[in-house]
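A.B. asks: Quick one: structure below, then a few questions.
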Amino acid sequence: MPRIALATYTKLPGLNDDDRLLVPGLAELVLTAVPAVWDSPDVCWEEFSAVIVRSCWDYHHRLTEFLAWVGRLERAGVAVFNPPAVLRWNSHKTYLRDLAAHGVPTVPARWLARDARTNLAELLRAAGWREAVVKPAVSASATGTWRTSPATARADQARLDELLRAGDVMVQPFIGEVRDPGEWSLLFFGGQFSHAVLKRPAAGDYRVQWEFGGSAEAMAPPRALIADAERVLAAAPGTTVYARVDGVERDGHLTLMELELIEPHLFLGWDAGAAGRLAATLGALITRS
């Protein structure tokens, strides 16, 4: 029976509850799936038929190490999903710039290179933004993300300088639709739409992640949003096994906020058939390889 590694990180050595839902679905296809910590020296990755990147939720803190690990698997001939080229492309938020160049509606951004000397107040004034969000260009789960405005920019300058000493930074206008009606996450397996949730922040916040009190509700999106999300995936390089398209609805269409292709929460527990659909997608690829 082929063995599949569901790659996770040290704080979740047994996977999270949502990812564990994938295990019985793969077992029905005669595939044994086990958790494996991505940076553990005790794992022999060559023993697996495939490695599925799942709860590797510290990758953005150790990107060079993480991508080196992916490269070692690739050189060893171990199948990795999503494919290594996709993981590398998606690891820096300049992928949003690539998608915008291909006609995907995205939130505007100012891209700041590491160690750049940037006056935050002048940036906001030139862009005409009343509120903005600042975040590292390599990040996940809103890590290092904060809001600013022309009124607070001078006081926030030191925070920006600190981020720039650590790496590249992006600044975007604050998107009010994240609060109301909320941010959509549309899930795709093998390029096919599976299910969706609508995420909302806690009262008084703007971050939809659970760590900050956010919530997610299973909901059927308008057909137009699904079609827009399909166009996002069509503009991305390579093929994906799993993908989460995050965005807000504006004038009946999707404005992309993030395309999550590395280790997104897939909300398998929010749809009764989701785990089975992902297992079937993986099973078809693994048995073919």
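A.B. asks: For the chain, what is the calculated [θ] at 222 nm in deg cm²/dmol (nearest 500), taking -39500 (n - 2.57) for each run of four or more DSSP H residues and dividing by its residue count? If you can, show how the numbers build up before the last one.
C.D. replies: Values: 9 runs with 87 residues, N = 289.
So the calculated ellipticity at 222 nm is -8500 deg cm²/dmol.
A.B. asks: Amide H neighbours of PHE174 under 5 Å, counting only residues 5+ apart in sequence or on other chains, H built in-plane at 1.01 Å?
C.D. replies: GLU131, ALA132, VAL133
A.B. asks: Hey, what do the phi angles of the range 21-30 turn into as Karplus ³J(HN,Hα) couplings, whole Hz, using 6.51/-1.76/1.60 and θ = phi - 60°, x for Gly and Pro?
C.D. replies: For the range 21-30, the Karplus curve yields 5, 6, 4, x, x, 5, 4, 4, 9, 6 Hz.
A.B. asks: Report D for the chain in µm² per second (integer): Stokes-Einstein, Kirkwood Rh on Cα pairs, 4 °C, 1.567 mPa s.
C.D. replies: Working: Rh = 19.9 Å.
This corresponds to a translational diffusion coefficient of 65 µm²/s.
A.B. asks: Quick one: 3J(HN,Hα) in Hz for the range 99-109, Karplus 6.51/-1.76/1.60 with θ = phi - 60°, rounded, Gly and Pro as x.
C.D. replies: Running phi through 6.51 cos²θ - 1.76 cosθ + 1.60 with θ = phi - 60° gives 5, 4, 5, 9, x, 7, x, 10, 6, x, 8 Hz.
A.B. asks: Something else now. Once label points are set 7 Å from the Cα along Cα→Cβ at both LYS11 and ALA158, what is their separation, rounded to one decimal in nm?
C.D. replies: 2.6 nm
A.B. asks: Another question about this same structure. Given the range 24-65 reduced to its alpha-carbon atoms as identical point scatterers, what log10 I(q)/I(0) does the Debye formula return at q = 0.21, 0.33 Å⁻¹?
C.D. replies: -0.81, -1.27
A.B. asks: A follow-up question, please. Round to a whole number: what % of the accessible area of the chain belongs to carbon and sulfur, probe 1.4 Å?
C.D. replies: On the way: 6740 of 13020 Å².
Carbon and sulfur atoms account for 52 percent of the accessible area of the chain.
A.B. asks: Between GLY191, GLY269, GLY204, where does the largest GNM mean-square fluctuation fall for the chain, given springs only between Cα atoms within less than 10 Å?
C.D. replies: GLY204
A.B. asks: OK, next. Over its Cα atoms, what ratio of radius of gyration to 2.2 N^0.38 Å does the range 135-280 give? Display every interim value, and only then the final one.
C.D. replies: Details: Rg = 16.3 Å, N = 146, 2.2 N^0.38 = 14.6 Å.
After normalising by residue count via 2.2 N^0.38 Å, the value is 1.12.
A.B. asks: Take every DSSP beta bridge with both residues inside the chain and express the antiparallel ones as a percent of the total, to the nearest 5. Show your work: numbers first, answer last.
C.D. replies: Numbers: 35 of 49 bridges.
Beta bridges within the chain, antiparallel portion: roughly 70 percent.
A.B. asks: On to the next question. What share of Cα pairs, in percent, lie more than 18 angstrom apart in the range 42-197?
C.D. replies: Cα-Cα pairs in the range 42-197 separated by more than 18 Å: 67 percent.
A.B. asks: Continuing with this model, one more query. At a 1.4 Å probe radius, which order do GLU260, GLU74, GLU162 fall into by accessible area, largest first?
C.D. replies: Values: GLU260 40, GLU74 85, GLU162 115 Å².
The most accessible residue leads, giving GLU162, GLU74, GLU260.
A.B. asks: Quote the FRET efficiency, to the nearest 0.05, computed for ARG125 versus ASP180 with a Förster distance R0 of 25 Å and r equal to the Cβ-Cβ distance.
C.D. replies: On the way: r = 27 Å, r/R0 = 1.09.
With R0 = 25 Å, the Cβ-Cβ based efficiency is 0.35.
A.B. asks: Could you give the alpha-carbon Rg of the range 1-119 over 2.2 N^0.38 Å, rounded to two decimals?
C.D. replies: Working: Rg = 17.1 Å, N = 119, 2.2 N^0.38 = 13.5 Å.
This ratio for the range 1-119 stands at 1.26.
A.B. asks: Using the crude model of +1 on Lys and Arg Cβ and -1 on Asp and Glu Cβ, and no other charge, please compute the dipole size for the chain relative to its Cα centre, in debye to 20.
C.D. replies: Numbers: 30 positive and 34 negative charges, 114 e Å.
So the magnitude is around 540 debye.
A.B. asks: Pop out the ³J(HN,Hα) list for the range 255-263 in order, Karplus 6.51 cos²θ - 1.76 cosθ + 1.60 with θ = phi - 60°, rounded to Hz; leave Gly and Pro as x.
C.D. replies: 9, 6, 10, 8, 10, 9, 10, 9, 9
A.B. asks: Hey, if we sort MET170, MET257 by accessible area with the 1.4 Å probe, largest down, what's the order? Don't skip to the answer; put the middle values down first.
C.D. replies: On the way: MET170 0, MET257 40 Å².
Solvent-accessible surface, decreasing: MET257, MET170.
A.B. asks: Per the Kirkwood treatment, what hydrodynamic radius in Å, one decimal, follows for the range 51-120 from the mean inverse distance over all distinct Cα pairs? Numbers along the way, then the final one.
C.D. replies: Working: mean 1/r = 0.0700 Å⁻¹.
Evaluated over the range 51-120, this radius sits at 14.3 Å.
A.B. asks: Most mobile of PRO105, PRO41, PRO222 per a Gaussian network model of the chain (Cα springs, under 10 Å)?
C.D. replies: Fluctuation is largest for PRO41.
A.B. asks: Sticking with this structure for a sec: Hey, can you find the accessible area per residue of the chain for me, probe 1.4 Å, expressed in square angstrom? Show your work: numbers first, answer last.
C.D. replies: Numbers: 13020 Å² over 289 residues.
In whole numbers, the chain has 45 Å² accessible per residue.
The values are calculated or read from the model by the stated rules, or taken from the named source; none is laboratory data. Since the model is a prediction, treat every value here as computed from it, not as a measurement. Backbone-built Cβ (ideal geometry, glycine too); neighbour counts: all protein chains shown. Just the protein is used for accessible areas: all its heavy atoms, side chains included, with ligands, DNA and RNA removed. Shrake-Rupley method; radii C 1.70, N 1.55, O 1.52, S 1.80 Å.
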